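Computed from the coordinates by the stated procedures, all read-outs in this text should not be read as laboratory data. Keep in mind the model is a prediction, meaning the values are calculated, not measured. With ideal geometry, Cβ positions are generated from the backbone for all residues, glycine too; neighbour counts draw on all protein chains shown.
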Amino acid sequence: MNQNVKDFVTEKVKALINAPSCCAELKTVAQNWLDAVGTDQEAAKTRELIAEVEADIMPIDGLIAFADSDAGAQVFGADTAKKVAAHAKEVKAAGGKYCDCPACAACAAILEKKDELL
């Protein structure tokens, strides 16, 4: 991968790690990728990063369904769940494919560079 792509992805991986909405497993995989950049493990850790990002990014329809469910109300609280669902519906109406929380936004940016990373 070229240096511009590496720099861009490094910035997004750091944002991902710092995102409060990022799960612990993805934070670990992301940190492992940062640690592997420039080593003989970089390619393998890049594949792991992409796989984990693809598994963890929340499709907007999934977010809407969850926020509109009883489980979403339990996790977020009823009022917040309604707000999350309404916001997600706005994101979808504007053409968004994924949740736009900080973690998912970083994941989406990383996935935009997937072909250049692999």
Checklist line | Partner aspartates and glutamates for Lys45 [C-alpha distance under 12 Å; skip if fewer than 8 residues away on the same chain] | finding: Asp35
Item checked: Using alpha-carbon coordinates, inclination of helix 102-112 to the longest axis of the chain, degrees -> 50 degrees
Check: Check Ser21: other-chain or 5+ apart residues with amide H under 5 Å from its amide H, H built from backbone geometry?
Finding: Ala103
Item checked: Ranked packing of 20-31, 98-109, most packed first, by mean Cβ within 10 Å -> 98-109, 20-31
Item checked: Distant-in-sequence amide H partners of Tyr98 (H built 1.01 Å from N, under 5 Å) -> Ile60
Notebook entry, point to check: What angle do you read, to the nearest 10 degrees and between 0 and 90, between the alpha-carbon axis of helix 3-18 and the longest principal axis of the chain?
Noted result: 40 degrees
Next item on the list: Would you calculate the volume per residue, in Å³, of the smallest convex hull containing every Cα atom of region 59-100?
Entry: 49 Å³
Item checked: Principal-axis tilt of helix 78-93 within the chain, Cα atoms, nearest 10 degrees -> 60 degrees
Margin query: Quick check on the chain: what are the equivalent-ellipsoid semi-axes from the Cα gyration tensor, as sqrt(5λ), descending, whole Å?
Written below: 30, 14, 10
